[in-house]
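In what follows, a single structure is set out as structure tokens and then discussed.
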Amino acid sequence: MKDTIVVNIISKTHFVLVAVLSFILVALGATFIVLQNGVDMQETSFENMTIKKMHIQWNEKLNIAVEELSIKKTKQSKDSQTFQEIKKTLLNSVAKYVDVNTRYLSFIESLSIKKIKYDTMRATLKYNTQEQGVFTLKAADFSVRSYFWLEGDNVVLNIDNLTGLQNKIKANGLVIVDMQHKKIFTRTDIDINNDANITLYGIADQERFTYRIDSKKEIEDIRAFVALFHLSDTLKFWAMDAIDASSLQINKMRGFVEYDALNSAYKNLYISATLNKLNYTYNPKLDAIHTQKSELEFSKGVLSIYPKEAYTYKVPLQNSWVKIDFTKPQSMLTLHLLFHARLDNDIVHILNAYKISLPFVQHTGKIKTDLRLAINLETLDVDTQGTFSTKKANIDYSGINLDVKDLLVKLNNSNITIAHMKAHYNNGVDAVADVTAHYNTKSDTGEITFYFTKIQLSADEYLNAQKKPLKVVYKISPKADKLIIDK
């Protein structure tokens with residue numbers, strides 16, 4: 001969950017609890033001798049705490065009642081502490097204070113603090129040996145009500161209600177603090193914006209927080225759910241803004257966070273999910289990828305989307321997929337298009353968006369397309385690799401209409417190679433040739449080699465070159481094209 005929320009809640013709650021526990025320890029040590037007849041104090045201060053209207057009395061055990069406990073901020077308790085700084089003291093200090101004070105709780109019959117003030121927060125604490133303790137806390141952006149009790153070396157907290165106002169979060173669950181092994185266990189049910197309903201299972205020690213999340217129903221407000229995670233601007237767009245889906249079903253979600261490596265937490269996150277009725281915008285200038293259902297996987301910092309029944313520009317995309325690698329110094333998006341379709345103007349438009357200029361447009365037949373676009377999301381540089389093949393089709397090649405067979409075109413960025421093609425030209429002049437070619441779109445250079453096996457010389461006369469094809473080379477250059485005919 002968004003670590004700024006966690007830091008905010010933990011840092012503020014941590015200092016309130018530590019201050020309260022410190023107060024208990026000092027009160028016990030300072031007043032034991034004069035307690036049997038009861039002691040009233042109007043106001044007393046020590047360190048960063050001020051106590052108003054405190055009554056302490058010994059009746060077989062201690063009974064302590066405080067009207068108000070005010071805690072001042074110190075340089076060490078500033079809200080701007082990082083999670084790493086909090087981590088270094090949180091478990092140790094809580095363990096220390098709870099361990100010490102749980103020993104003395106056996107001497108306490110009741111403890112009541114009506115008002116605890118820390119910055120803009122207000123809290124209350126009530127405990128007696130006959131029932132569970134109650135702790136409440138309210139701040140501008142969240143509130144907590146929990147019950148607590150002791151079980152051997154463990155402190156058990158039952159979070160009855162935790163509410164995050166900013167993100168419309170409601171949570172309740174159980175937290176167990178294992179004082180002997182200095183570990184915290186939790187099972188928390190979380191409702192987000194009356195939409196996402198998840199259960200968080202977590203174990204925290206002094207090095208890491210390991211978690212698993214189970215989702216109880218499909219999530220409709222995907223943006224609100226994803227917004228809870230701390231995402232970089234780049235990750236936020238491709239994992240949040242580019243996704244438009246009717247609902248998200250989380251199948252598996254697990255991971256761990258190492259406190260000293262928060263920036264790498266996403267590499268330790270695994271998600272398996274299903275996106276329903278997805279429209280994925282991989283390029284704002286192009287039609288989105290539309291699917292009825294898509295399988296999503298996030299593993300080791302790589303987001304993979306496998307569309308089912310997908311299409312773009314009404315072209316079925318069959319086995320196409322999208323991957324985004326966030327582990328690279330500059331995030332990389334790979335779009336792998338695997339489909340059989342006609343290379344019409346829509347498909348050519350997709351290629352042109354990435355400065356890929358194929359020298360032909362297809363009219364009939366289908367071409368098997370295997371095209372991989374690797375896009376640097378920072379620089380928008382594109383690495384393009386692909387092949388296009390067909391057994392039979394009709395195309396316009398550099399303005400000439402051709403019937404083609406056994407076509408294989410290879411694409412390597414700006415280099416286009418026709419490995420082989422049998423072309424039949426029949427527009428006033430009948431000609432058949434085997435064709436190979438290579439062309440560089442940046443330098444506008446290349447050559448086309450024709451091996452003519454049949455050429456119409458006149459209405460009734462043909463040149464039959466089946467045994468020895470006529471070789472014609474057409475050289476392309478920015479300065480001047482050249483035609484070379486073998487004699």
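The values are calculated or read from the model by the stated rules, or taken from the named source; none is laboratory data. A quick note: this is a predicted structure, and the numbers were derived from the prediction, not measured. Positions of Cβ are backbone-derived with ideal geometry, glycine not excepted, and every protein chain shown enters the neighbour counts.
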| Can you spot a residue in the stretch 261-278 that is over 16 Å from the mean Cα position of the chain (by Cα) and of a type outside the set (A, V, I, L, M)? | yes
| field | Residue count, the stretch 420-449 (criterion: of a type in the set (D, E, K, R) and at positive phi) | value | 1
| said: Can you find, within the stretch 19-43, the residue that is modelled with the lowest pLDDT among those that are closer than 19 Å to residue 114 by Cα and of a type in the set (S, T, N, Q)? | reply: 22
| task | Provide a single number: the residues in the stretch 202-227 that are under 19 Å from residue 183 (Cβ atoms) and either of a type in the set (Val, Ile, Thr) or part of a helix (DSSP H, G or I) (or both). | result | 2
| Before we move on, is residue 177 part of a strand (DSSP E or B), more than 20 Å from the chain's Cα centre (by Cα) and surrounded by 18 or more Cβ atoms within 10 Å (Cβ to Cβ)? | yes
| Verdict on residue 343 being at pLDDT below 85 and either in a loop (DSSP other than H, G, I, E, B) or surrounded by 15 or more Cβ atoms within 10 Å (Cβ to Cβ) (or both) | yes
| query | Counting just the residues of the stretch 116-150 that are touching a strand residue (DSSP E or B) at 6+ places or on another chain (Cβ under 6 Å) and part of a loop (DSSP other than H, G, I, E, B), which one comes out farthest from residue 168 (Cα to Cα)? | reply | 129
| said: Checking the conditions here, which among 303, 296, 337 is over 25 Å from residue 267 (Cα atoms) and among the aliphatic types (A, V, I, L, M)? | reply: 337
| said: Considering only residues that are surrounded by 17 or more Cβ atoms within 10 Å (Cβ to Cβ) and either touching a Leu at 6+ places or on another chain (Cβ under 9 Å) or basic (Lys, Arg) (or both), which ones fall in the stretch 241-255? | reply: 243, 245, 248, 253, 255
| request: Give the residues of the stretch 375-402 that are crowded, with 16+ Cβ neighbours inside 10 Å, over 16 Å from residue 415 (Cβ atoms) and among the hydrophobic types (A, V, I, L, M, F, W, C), sorted by residue number. | output: 375, 377, 393, 395, 402
| Quick check: anything in the stretch 450-471 β-branched (Val, Ile, Thr), loosely packed, with under 14 Cβ neighbours inside 10 Å and free of Cβ contacts under 8 Å to residues at least 60 places away in the same chain? | no
| Somewhere in the stretch 44-57, is a residue in a strand (DSSP E or B), exposed (fewer than 14 other Cβ atoms within 10 Å of the Cβ) and modelled with pLDDT under 80? | yes
| said: Given the options 439, 425, name the one that is in contact (Cβ under 8 Å) with a residue 60 or more places away in the chain and not hydrophobic (A, V, I, L, M, F, W, C). | reply: 439
| task | List the number of the failed condition for residue 358; all other conditions in (1) exposed (fewer than 15 other Cβ atoms within 10 Å of the Cβ); (2) touching a helix residue (DSSP H, G or I) at 6+ places or on another chain (Cβ under 7 Å) hold. | result | (1)
| message | Out of 475, 392, I need the residue that is at pLDDT 85 or above, over 24 Å from residue 354 (Cβ atoms) and in contact with a Gly (Cβ under 7 Å, 6 or more places away or on another chain). Which one? | response | 392
| note | Within the stretch 180-202, the residues that are under 25 Å from residue 152 (Cβ atoms) and either at pLDDT below 85 or over 22 Å from the mean Cα position of the chain (by Cα) (or both) are 180, 181, 182, 183, 184, 185, 186, 187
| field | Qualifying positions in the stretch 318-333 - under 19 Å from residue 368 (Cα atoms) and assigned to a strand (DSSP E or B) | value | 318, 321, 322
